[in-house]
1. Name the single residue, out of those in segment A:63-73 being of a type in the set (Val, Ile, Thr) and modelled with pLDDT of 95 or more, that is surrounded by the fewest Cβ atoms within 10 Å (Cβ to Cβ).
2. Quick check on segment A:82-102. Is at least one of its residues polar (S, T, N, Q), open to solvent by 10 Å² or more (accessible area, probe 1.4 Å), without any contact (Cβ under 8 Å) to a residue 60 or more places away in the chain and in a strand (DSSP E or B)?
3. Scan segment B:56-83 for residues that are within 14 Å of another protein chain (Cβ to nearest Cβ), surrounded by 18 or more Cβ atoms within 10 Å (Cβ to Cβ) and not in a loop (DSSP other than H, G, I, E, B) and jot them down.
4. Within the bounds of segment B:87-110, is there any residue that is within 10 Å of the chain's Cα centre (by Cα), over 22 Å from A:SER30 (Cα atoms) and more than 10 Å from chain A (Cβ to nearest Cβ)?
5. May I ask you to list the residues in segment B:30-55 that are at pLDDT 90 or above, surrounded by 14 or more Cβ atoms within 10 Å (Cβ to Cβ) and in a loop (DSSP other than H, G, I, E, B)?
6. Give the residue, chosen from A:GLN60, A:GLN76, A:GLN45, that is open to solvent by 40 Å² or more (accessible area, probe 1.4 Å), under 10 Å from the mean Cα position of the chain (by Cα) and within 21 Å of A:ASN18 (Cα to Cα).
7. Look at segment B:96-117 and say how many of its residues are at pLDDT 85 or above and part of a loop (DSSP other than H, G, I, E, B).
8. Somewhere in segment A:7-20, is a residue modelled with pLDDT under 95, over 15 Å from the mean Cα position of the chain (by Cα) and within 10 Å of chain B (Cβ to nearest Cβ)?
Amino acid sequence: GESVGLHLPTLSVQEGDNSIINCAYSNSASDYFIWYKQESGKGPQFIIDIRSNMDKRQGQRVTVLLNKTVKHLSLQIAATQPGDSAVYFCAEMEALWYGQNFVFGPGTRLSVLP
Amino acid sequence: DTAVSQTPKYLVTQMGNDKSIKCEQNLGHDTMYWYKQDSKKFLKIMFSYNNKELIINETVPNRFSPKSPDKAHLNLHINSLELGDSAVYFCASSQTRGRLVGTGELFFGEGSRLTVL
């Protein structure tokens, strides 16, 4: 089932500031998590991933933090740019004996203000 | 080369009609998916196929029938379209990996926006 609620949260940040997007997940069996970015009219694109045996992973300008105790995931974007404006989704993956199942959070719309 | 391609990109049709959306991936992945994205941007899994076999079939009306002729293709046929079927449908693929060797991210197509009038 779904992990979180039914509305699309929005986050507005000034260009150059850092952004933090949060996500709650519900399945303690999930062992792999991904953040996706979806720009208008396009499909979601991979940003960064993290496995459940880690609590932090860094990429270029992005960092993902995983807190398994409270089932919380966050995406931090440093020095936010206008091109970062998009809808961001977290996804949790449960490895099943017959395959894998990805469940997406509701998404957060990030608006970068000039 | 587009990794996951789906056609058509836009589809406008009348209630009661039957329509199909096609998807192809050239990544050599073994698993393909159909997701539905509603007007609030919520992404929900509909079906998943692994090597042409149906492995995930969420609570979706029987009017939706996926078909996978080979592991590079996953098509979606919808019968007797209803207003509530209006949404963007995304095809995706991934390579299934075991727990010990890592996991596979999803690669999405550009989406097919279906509008039912």
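1. Within segment A:63-73, the match that is surrounded by the fewest Cβ atoms within 10 Å (Cβ to Cβ) is A:THR63.
2. Within segment A:82-102 (the criterion being polar (S, T, N, Q), open to solvent by 10 Å² or more (accessible area, probe 1.4 Å), without any contact (Cβ under 8 Å) to a residue 60 or more places away in the chain and in a strand (DSSP E or B)), the answer is yes, since at least one residue qualifies.
3. Those that are within 14 Å of another protein chain (Cβ to nearest Cβ), surrounded by 18 or more Cβ atoms within 10 Å (Cβ to Cβ) and not in a loop (DSSP other than H, G, I, E, B): B:ILE56, B:SER68, B:LEU74.
4. Among the residues of segment B:87-110, at least one is within 10 Å of the chain's Cα centre (by Cα), over 22 Å from A:SER30 (Cα atoms) and more than 10 Å from chain A (Cβ to nearest Cβ), which makes the answer yes.
5. Within segment B:30-55, B:LYS41, B:PHE42 qualify.
6. That would be A:GLN76, the only listed residue that is open to solvent by 40 Å² or more (accessible area, probe 1.4 Å), under 10 Å from the mean Cα position of the chain (by Cα) and within 21 Å of A:ASN18 (Cα to Cα).
7. Within segment B:96-117, residues that are at pLDDT 85 or above and part of a loop (DSSP other than H, G, I, E, B) number 5.
8. yes
The values are calculated or read from the model by the stated rules, or taken from the named source; none is laboratory data. Just so it is clear, the model here is predicted, and its values are computed rather than measured. Here the Cβ is made from the backbone with ideal geometry for all residues, glycine too, and neighbour counts use every protein chain on show. Side chains included, ligands, DNA and RNA excluded: accessible areas come from the protein's heavy atoms. Shrake-Rupley method; radii C 1.70, N 1.55, O 1.52, S 1.80 Å.
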